[in-house]
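**Q** One structure follows; several queries about it will come next.
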Amino acid sequence: MTSADGNTVISYLRMTLCSRTAASAPDEELLERFVTQRDEAAFTALLRRHGPMVWGVCQRLLAHRQDAEDAFQVTFLILARKAAAISRRQLLANWLFGVARRAALNMRAMRARRARHEQSCGDLPDVQATVETPWDDIHAVLDEELARMPTKYRLPLLLCGLEGMTHADAGKYLGWPTGTVAGRLSRGRELLRTRLLRRGVTAPAAALTAVLAPDAVSAAVPPQLVATSVRSAAALVMAGQSAAAVVSPAVAMLMREVLRKMFLSRLLMTTTLMAVLALTLATAGAIGHLTPSAETPISAPVSLAQKQIRPPAAAPSPWPVPGQTFAANPGKPTIRLPSDANARVVRMERSVDAAAGPRMILTIFADGRVAAEVPDGLLSLAAADLTQHAKADPTADPGSPKGKVLEGRLTARELEEILRFALHDQEFFEFDQAAVKAAIWDKYQSDGNVNDSTDATTTGFHIQTANRTHEVQWSRLSKAAWDFPKVERLLQLYALDQRLSQVYYVLLAGGPERVEEVAAKMNELVQTYYCLYPNAPRLAAADLLKVTPSADESQVEFVFSRNKDKKVRNPLFEVAIIVPQDGREPTIRYVIPPGTSVRGGLVERVPTISK
């Protein structure tokens, strides 16, 4: 090994040790440290984190290893130069993918031009550079289609596929629930396969899946390339040297070409935006709201936009605002949110022992934030599941309960729908516990206390608006609603329980978009039943009853059910579908067709089918 090689490896080892403390920091923090403090360890951590993905893009698009190394180096040199201009720093992986692909395509074009020139001069063409295998073509098409995909689907593919992250790690990186990552990754793979088929790529599905599987992440970036890239970036940014002084002429030329095309792309978009705005002003006298594409890697020149056009007005926020008023429905009062963003507008708490036992809590705040707290090892809000969980671990220390928290956010429209359902449809503020007990006695000569060995829970509800607060508690609510179906107020309370449970299950599934995708797939798989029972209602996302992940999170069961009336489990039609998280096809677990008997919450005489 030469002295230069030894110095490169020693430099790489030194960078590795220095960047370990930064390895767990988010991209936003590392970029900020590099921009403000010129922290070389922060830049090294970013390169080590996203280097394999960038290296994979460069290798797939370029036949020559040296060309791939040059494109890799250019990608991170541009990151060093443009770090301060990256506005959406949490999407750095997306930005780097775009720059790496642009750099590789430019290098390929430069190589092709050089080959044509050599051929015109009588030189033999470089066979390795001009002949590509069919798999090389597939790789190129793959990266092209990845670049065209919506960001919300491309990001999970980049992080879980090309960077090898787990669903949980990608969720922390993006700030998404794990279920959202899994759902969008599955949808992204399916969308990618469809697009590749349209392009004539007929490679086996297993082969395409392998390209985006964690065990197919590109080989580790060579240590020499890492050390050289960091050293060049430091000289370019920290020492203020020119690109020509710190890298080879080929890398400097490629960097200039990529930056030029990035600028022209951004300039074209800005010019188009100005033309559209001018046309709108001329024809309508008003400027509409236009959002620049999130796909563009770098920001447009600020001065160009600010000098010639007025910034467009911000779009209305979809999120609820504390103090916001929802208009009245005919015959119903208006609903005004509390002015404190942290006010608990809706809260449902289910516990086995009100003092110290395990409990599940769903809270919706005035600004739309949702937090669901559940004990470890339990993912269902069903009373029977919580009771069973308490029985399985009666020795758990109640003073230090272990649990997990799922977080999300409702739009203003979603929060309004929930409050209207609770306050207008189910008349929660009118629920009088003593009056309900009296109605039970009047109709059933019972004190309302029920026994159920599978349900030892008490469920509490709390709803607060700007001018009113109401709380209700009821023991063994499901059994009480089953035993006393003629008491309307009790059925209304049970309906509220089911609606708030649905909020939790949508959160657990990864969001309403994921639930809609599963509902659509479920309807495809049960078309035979719709033909057999033409009067059966077509199930939709709004009919979601329950979501249950498996213990190893390898699959999720979705249950959709449409009730005949407000009675407990009186389904017109119900379907359970199993959705694998590895991209395999979902299967139907069971179907409850119309006319099936249901007793005590248990289904009788229902065939179990699997496809």
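The values are calculated or read from the model by the stated rules, or taken from the named source; none is laboratory data. Quick caveat: nothing in here was measured; it's all calculated off a predicted structure. As a convention, Cβ positions derive from the backbone with ideal geometry for all residues, glycine included, and neighbour counts pool all protein chains shown.
**Q** What's the number of the only condition in (1) surrounded by 17 or more Cβ atoms within 10 Å (Cβ to Cβ); (2) under 24 Å from G175 (Cα atoms); (3) hydroxyl-bearing (S, T, Y) that S87 fails to meet?
**A** The single condition S87 does not satisfy is (1).
**Q** Here's something else I'd like to know. From T21, T8, T16, which residue is farther than 30 Å from K152 by Cβ, assigned by TED's automatic domain parsing to the domain that holds S248, modelled with pLDDT under 85 and under 30 Å from the mean Cα position of the chain (by Cα)?
**A** T21
**Q** Okay, next question. Examine region 356-373 for a residue that is surrounded by fewer than 20 Cβ atoms within 10 Å (Cβ to Cβ), at pLDDT below 90 and not in a strand (DSSP E or B), and state whether such a residue exists.
**A** Within region 356-373 (the criterion being surrounded by fewer than 20 Cβ atoms within 10 Å (Cβ to Cβ), at pLDDT below 90 and not in a strand (DSSP E or B)), the answer is yes, since at least one residue qualifies.
**Q** Now for a different question. Taking region 496-513, which residues are surrounded by fewer than 20 Cβ atoms within 10 Å (Cβ to Cβ) and more than 18 Å from E349 (Cβ to Cβ)?
**A** Within region 496-513, G511, P512, E513 qualify.
**Q** Give D385, D376, D432 a once-over and let me know the one that is loosely packed, with under 14 Cβ neighbours inside 10 Å, assigned by TED's automatic domain parsing to the domain that holds V352 and modelled with pLDDT under 90.
**A** D376
**Q** Additional query: Output the residues belonging to region 439-455 that are more than 12 Å from A480 (Cα to Cα) and within 48 Å of the chain's Cα centre (by Cα).
**A** Once the filter is applied, which keeps residues that are more than 12 Å from A480 (Cα to Cα) and within 48 Å of the chain's Cα centre (by Cα), region 439-455 yields A439, S453, T454.
**Q** Something else now. Test Q426 against the criterion of being closer than 30 Å to T325 by Cα, in contact with a strand residue (DSSP E or B) (Cβ under 6 Å, 6 or more places away or on another chain) and either at pLDDT below 90 or in the same structural domain as V374 (by TED's automatic domain parsing) (or both), and give yes or no. If you could, list the steps in order and put the result at the bottom.
**A** Values: closer than 30 Å to T325 by Cα: yes; in contact with a strand residue (DSSP E or B) (Cβ under 6 Å, 6 or more places away or on another chain): no; either at pLDDT below 90 or in the same structural domain as V374 (by TED's automatic domain parsing) (or both): yes.
Considered against the rule, which asks whether it is closer than 30 Å to T325 by Cα, in contact with a strand residue (DSSP E or B) (Cβ under 6 Å, 6 or more places away or on another chain) and either at pLDDT below 90 or in the same structural domain as V374 (by TED's automatic domain parsing) (or both), Q426 comes out as no.
**Q** So, in region 78-95, exactly how many residues are touching a Leu at 6+ places or on another chain (Cβ under 9 Å) and farther than 18 Å from E257 by Cβ?
**A** Restricting attention to region 78-95, the residues satisfying the condition of being touching a Leu at 6+ places or on another chain (Cβ under 9 Å) are 78-84, 86, 89-95.
Still in the running and farther than 18 Å from E257 by Cβ: 83-84, 86, 89-95.
Result for region 78-95: 10.
**Q** Within region 476-593, which helices (runs of 4 or more DSSP H) (wholly inside it) include 2 or more residues that are within 28 Å of A372 (Cα to Cα) and of a type outside the set (V, I, T)?
**A** Passing ranges, in order: 477-483, 488-509, 512-525.
**Q** Confirm whether L142 is at pLDDT 80 or above, surrounded by 20 or more Cβ atoms within 10 Å (Cβ to Cβ) and in a helix (DSSP H, G or I).
**A** no
**Q** Can you run down the residue pairs with Cβ atoms below 7 Å, 6 or more apart or on separate chains, where the first is in region 502-520 and touching a residue at least 40 places away in the same chain (Cβ under 8 Å) and closer than 16 Å to K152 by Cα and the partner is polar (S, T, N, Q) and in a helix (DSSP H, G or I)?
**A** G510/T180; G511/T180; R514/T180
**Q** For residues that are more than 25 Å from H424 (Cβ to Cβ) and within 24 Å of the chain's Cα centre (by Cα), tally how many sit in region 329-370.
**A** Going through region 329-370 one residue at a time, the tally reaches 1.
**Q** Oh, and also: Out of all the residues in region 443-455, is one or more within 20 Å of F429 (Cβ to Cβ) and in the same structural domain as R359 (by TED's automatic domain parsing)?
**A** Within region 443-455, not a single residue is within 20 Å of F429 (Cβ to Cβ) and in the same structural domain as R359 (by TED's automatic domain parsing).
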